[in-house]
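**Q** Shown below is the structure under consideration.
Any read-out appearing in this document is the output of simple, stated calculations on the displayed coordinates, not a laboratory observation. Values in this document were obtained by computation on a predicted structure and should not be read as measured data. So basically every Cβ, Gly included, is an ideal-geometry build from the backbone, and we count neighbours across all protein chains shown.
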């Protein structure tokens, strides 16, 4: 079972090796400019007077996320700052503050955080926390992400179907993400069940409804022996 958390919650967490060595502290979250995904972290040294480190932690080098620390294999996985060149850090990045648009052009709002699902199988970016454009909507909403993200100019794009799975809090958001992604994998259009035809489709084309006798009989005008 996965646990959902905001990427910003990782700031100031210690970075610890599998051997238990405390080697750094998360300074800030770095986002990939091209895809909107998590790219890694800048680091601070450990200790009261430690400042920013020249090393960074690429996202691919994270072994796991514990409740109190970010786990890495060993200190050798830390990379030079140039490893994250071209990406953007913190609130000035290409993700936080960016608009989220649907494929159809609907403006959902601006990103305030990235939502991560942490489980035994690894960690995945599964949603955006947004400040909605709709003034009547709750102050914060959560938008599910597809398996592959898309960026167009300064906007982040999500499928139109994502609007059906927006939630107002993290409770139940994980289930909404799973259903949304299953919908996309099944190729079902908005307004459909995950594996079936559109809900308002005629009975004779819906896979879960058997056609009635009238569907298998020829039309009255075509029945032999009857006047035309």
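**Q** Highest mean first, how do 54-64, 18-28 rank when packing is the count of other Cβ atoms within 10 Å averaged over residues?
**A** The peptides rank, most packed first, as 54-64, 18-28.
**Q** Still on this structure: For a footprinting-style exposure proxy, rank 133, 76, 98 by other Cβ within 10 Å, fewest first. Don't skip to the answer; put the middle values down first.
**A** On the way: 133 14, 76 9, 98 19.
Sorted ascending by nearby Cβ count, the order is 76, 133, 98.
**Q** Take every Cα pair under 8 Å in segment 3-90 that's 6+ residues apart, average their separations, divide by the length, and report that relative contact order as a whole percent.
**A** Relative contact order, segment 3-90: 29 percent.
**Q** Can you give the FRET efficiency to the nearest 0.05 for residue 137 and residue 160, using r as the Cβ-Cβ distance and R₀ = 30 Å?
**A** The calculated FRET efficiency here is 0.95.
**Q** Sorted by average packing, counted as other Cβ atoms within 10 angstrom per residue and highest first, what order do 65-71, 173-179 take?
**A** My ranking of the peptides, most packed first, is 173-179, 65-71.
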